[in-house]
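Okay, structure first, notes after.
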Amino acid sequence: MHTNKPLELNANENSLGMSDSAKQAVTNALDVGFRYPDNPRAALIAKVAEINGVTENQVSLGNGSSENIRAVVQMLQNQALKDGRKFQLVVPDPTFSCAELYANYIGAPVVKVPLTAENYDLDFQNLQKSADEFDGVSLFYLCNPNNPTATITSTPKLKMWVDTAPENHYFLLDEAYSEYVTDPSFESGVEWVKQELSKNLIVVRTFSKLHALAGLRVGYAIANPQTIEAVEDFTSIDNTNLSGAVAALATLNDEAFLELSLRTTNQSRQMVEATLDELGLRYLPSQTNFILHEIKGDVKTYIDRMEDNGILVGREFPPITGFNRLTLSTFDEMKVFVEVLKSFRQKGWV
Ligand SMILES: Cc1ncc(COP(=O)(O)O)c(C=O)c1O
């Protein structure tokens with residue numbers, strides 16, 4: 001099937017679209033668009049603090065969580081320089097590239113530690129080793145669940161690591177997809193911030209996925225008050241604008257939409273997994289709104305063929321070759337994808 005507008009299953013957005021309550025909130029807010037957004041921002045901070053069970057001074061809003069990520073990288077580099085210490089970023093490979101890109105822009109060295117070959121898990125030993133061998137401050141950027149694998153990291157292992165790390169090791173846990181996790185063993189780093197497990201821990205979250213607000217750019221960081229204060233030196237003032245603040249607040253209060261959003265992704269995941277099982281294509285156990293699955297062929301060719309059929313799929317993430325990242329969209333859109341994938345099988349393309 002070929003529609004005029006391609007299906008966008010490539011950027012892990014939420015194709016359900018913004019909730020009606022968020023659209024209404026933005027429309028209503030237009031009347032006060034000439035004012036600075038202090039009040040809606042304050043209301044959003046209060047709500048974010050409430051749902052996470054932290055105090056308001058433990059929350060920093062971001063213009064998308066990418067801004068929070070950038071601010072954390074910059075803050076730690078700056079702090080290290082002031083203390084006459086070196087700074088490096090340590091990331092698993094592959095992972096979401098934002099932290100690495102920002103580190104590159106500010107000239108901070110980046111160490112990339114490949115995921116384990118057996119199950120694409122964090123290589124704890126080598127991650128730690130790269131920091132232990134470094135004479136300075138290390139920041140680990142860890143995405144949990146990870147993008148692009150869609151898998152979670154073992155909670156006991158991660159918690160133990162954060163708990164026992166030395167004072168010069170910092171952790172930036174990116175939980176952009178945490179709302180989708182179904183594995184009961186998962187524990188959010190926000191809990192560890194609350195338990196004061198480590199003063200070197202920052203957790204970032206976003207409204208771009210489950211809440212379907214990617215275009216309005218709202219995210220946040222949670223950490224202890226001192227760290228939040230330091231991070232805020234590197235975010236711009238009023239970074240979350242009026243529309244983003246009111247839309248995020250309305251969505252958080254819209255339980256029916258959040259339930260629908262989660263249910264939609266879960267249904268789509270079930271359908272896609274059933275199809276992949278039927279076709280004998282392997283995939284990693286998805287705990288997110290996307291899935292990394294096998295192609296059995298050249299991924300670039302597969303991407304082009306999907307595009308010819310009106311579907312934009314994600315890309316390959318070396319060193320994991322032969323797999324493609326697919327965003328789980330609405331049930332109807334995934335039905336179209338499944339039909340096309342099955343037709344590819346008939347042609348011997350997957
Ligand atoms: C792991 C991860 N973190 C952050 C983001 C970006 O979030 P935001 O839109 O809040 O900047 C993404 C987007 O795909 C992501 O996959």
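No lab work stands behind these numbers, since they all come straight from the coordinates. All of these numbers come straight from a predicted model, not from anything done at the bench. Every residue, glycine among them, receives a Cβ derived from its backbone with ideal geometry; neighbour counts consider all protein chains shown.
Laid out as a table, the results:
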item	result
Tail weight of P(r) past 28 Å, computed on alpha-carbon pairs of segment 20-252, percent	29
GNM top mover of 290, 134, 331 - the chain, alpha-carbon springs below 10 Å	134
Selection from 252, 266, 223, by position along the positive dipole direction of segment 171-304 (Cβ)	266
Centre separation in Å (Cα based) which lies between segment 309-341 and segment 27-72	33
Within straight-line cross-link reach of residue 335, lysines at Cα separation under 18 Å, skipping those fewer than 8 residues along the same chain	5
Most mobile listed residue (225, 318, 40) in the chain, GNM with C-alpha springs under 10 Å	318
Entries in 112/199; 86/159; 209/296; 129/194; 159/199; 129/157 that, when Cα-Cα distance is taken, lie over 18 Å	112/199; 86/159; 209/296; 129/194
Contact order normalised by residue count of segment 20-252, Cα under 8 Å, 6+ apart, percent	31
Full-stretch length increase - residue 11, residue 57 - with 0.36 nm per residue and alpha-carbon distance subtracted	13.4 nm
Mean separation of Cα contacts under 8 Å, 6 or more apart, over the residue count of segment 77-136: relative contact order %	36
Top positive-direction residue, dipole computed over the chain with Cβ charges, set 341, 140, 164	341
Top of 203, 32, 59 by mean-square fluctuation, Gaussian network on the chain, Cα under 10 Å	32
Contact order relative to length of segment 189-299, as percent, for alpha carbon pairs under 8 angstrom and 6 or more apart	18
Debye, to nearest 20: dipole size of segment 127-223, +1 on Lys, Arg Cβ, -1 on Asp, Glu Cβ	300
Stretchable slack from residue 315 to residue 182, in nm (0.36 nm times residue separation minus alpha-carbon distance)	45.4 nm
Stretch gain in nm, segment residue 117-residue 199, where the contour uses 0.36 nm per residue and the Cα spacing is subtracted	26.3 nm
Net charge dipole size for the chain [Lys, Arg +1 and Asp, Glu -1 on Cβ; Debye, nearest 20]	560
